[in-house]
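The next block holds one structure in the form of structure tokens; read it before the comments.
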Amino acid sequence: VGWQDSTYQDYDSNQIDVRLYYPASSAGEDVPVDCAWAPYPWLVFHGDDGEDRDAYEWIGRGLARGGYIVVVIGEERSADRAWPAVMDHSELIAKMGYMNYSGGDLDDPPGIQGCIDMDHWGIGGHGRGAALAAVVQGRWAALDSSGVRQPPRALFGLGLDTDDTGTSVQVSGLPMPAHSLFLTGTVDEVAPADEHIDPFLTRWPGGWQLLEVVGGNHVQYEDDQSFWDNLWDGAATIEEHWQAAVDSISTA
């Protein structure tokens, strides 16, 4: 797995920091992309409230080993702003297309030209980032109907937190396949399932699967948890960085 810190310009013309993980010819930062099995589908992963792009290395590396390019974005926008959220992802598609066509800029992974599957991409996140992902998936057809950009083909959420969105997300013509995967720990006290993902799914018109991870809490999806993080969350009885979570996402 290789990784590289880069940027893209969002809908409001702000420079957004991202971290990319990708199949590589050797392990490390700024190493060439291994295009032997390309083109690779790609996934956008949004961090939770207050989390940066470097907080989900285990997820980025795990999915890159499965043959994905992963773009990790820290908390940048609340999930209740549907139009900017969708248009931000249109700009991100343009960024990925630029890398695929020309090889990108100096801060993009070397050797990436021609290695990205621009027709197949998905979106996911943790906590409020998972809710943001659901907003983009649900509103894409209504806000980007040009047909020029391919819609997100996958949605997954870890510990989905509906504090920004509420439990009812307006949906307009989910893209196919319209199936989503959600994982929430049974001792998650930040976004407990009965208050967040359960009522959310009763209003979600697409196909979905919910895995309730026994003994998992909310902050374990992050690379590191502070004393204060765990103070406000449930006491986990499962080890951090559940490999089963990455395996479930990469094979769904």
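So how do CYS35, CYS115 rank on accessible area, 1.4 Å probe, biggest first, that is with the largest at the start?
Working: CYS35 50, CYS115 5 Å².
So, going from the largest accessible area down, we get CYS35, CYS115.
Once you sort the root eigenvalues of the Cα gyration tensor of the stretch 46-173 as a ≥ b ≥ c, which label holds: rounded (a/c under 1.5), prolate (a/b larger than b/c) or oblate (the other case)? Walk me through the numbers before you get to the answer.
Numbers: a/c = 1.95, a/b = 1.28, b/c = 1.53.
Judged from the Cα gyration tensor, the stretch 46-173 comes out oblate (a/c at least 1.5, b/c at or above a/b).
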Considering the options LEU132, MET87, SER146, tell which one lies farthest towards the positive end of the dipole of the chain, charges being +1 on Lys and Arg and -1 on Asp and Glu at the Cβ, about the Cα centre. SER146
Once you have a ≥ b ≥ c as the square roots of the Cα gyration tensor eigenvalues for the chain, tell me rounded if a/c is under 1.5, and otherwise prolate or oblate according to whether a/b is larger than b/c. oblate
Cα centre as origin, Lys/Arg/Asp/Glu Cβ charges: the chain dipole, Debye: 1220
Averaged over all viewing directions, the convex hull of the alpha carbons in the stretch 99-157 casts a projected area in nm² of 5.1
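For the stretch 66-168, what is the relative contact order in percent, using Cα pairs closer than 8 Å and at least 6 residues apart in sequence? Intermediate values should be presented prior to the final figure.
Details: 134 pairs, mean separation 31.9, N = 103.
Answer for the stretch 66-168 is 31 percent.
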Residue by residue through the stretch 208-222, the couplings from Karplus 6.51 cos²θ - 1.76 cosθ + 1.60 with θ = phi - 60°, in Hz, x for Gly and Pro, are 7, 9, 10, 9, 9, 7, 5, x, x, 10, 8, 7, 5, 6, 8
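Going by average Cβ density within 10 Å per residue, which order do the peptides 93-100, 23-30 take, highest to lowest? Each step should come with its number before you reach the end.
Working: 93-100: 18.2, 23-30: 13.4.
Going from most to least packed, we get 93-100, 23-30.
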Taking the C-alpha atoms of the stretch 43-108, convex hull volume expressed per residue in Å³: 99
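Given Cβ point charges of +1 (Lys, Arg) and -1 (Asp, Glu) and nothing else, what value in debye, to the nearest 20, does the dipole of the stretch 127-167 about its Cα centre take? Intermediate results must be reported in sequence, preceding the final value.
Working: 4 positive and 4 negative charges, 45 e Å.
It comes to approximately 220 debye.
The values are calculated or read from the model by the stated rules, or taken from the named source; none is laboratory data. Predicted model, so just to flag it, every value in this text is computed and none were measured. Please note: Cβ atoms are built from the backbone with ideal geometry, for glycine as well, and neighbour counts cover all protein chains shown. We work out accessible area using only protein heavy atoms, side chains counted, and drop any ligands, DNA or RNA first. Shrake-Rupley method; radii C 1.70, N 1.55, O 1.52, S 1.80 Å.
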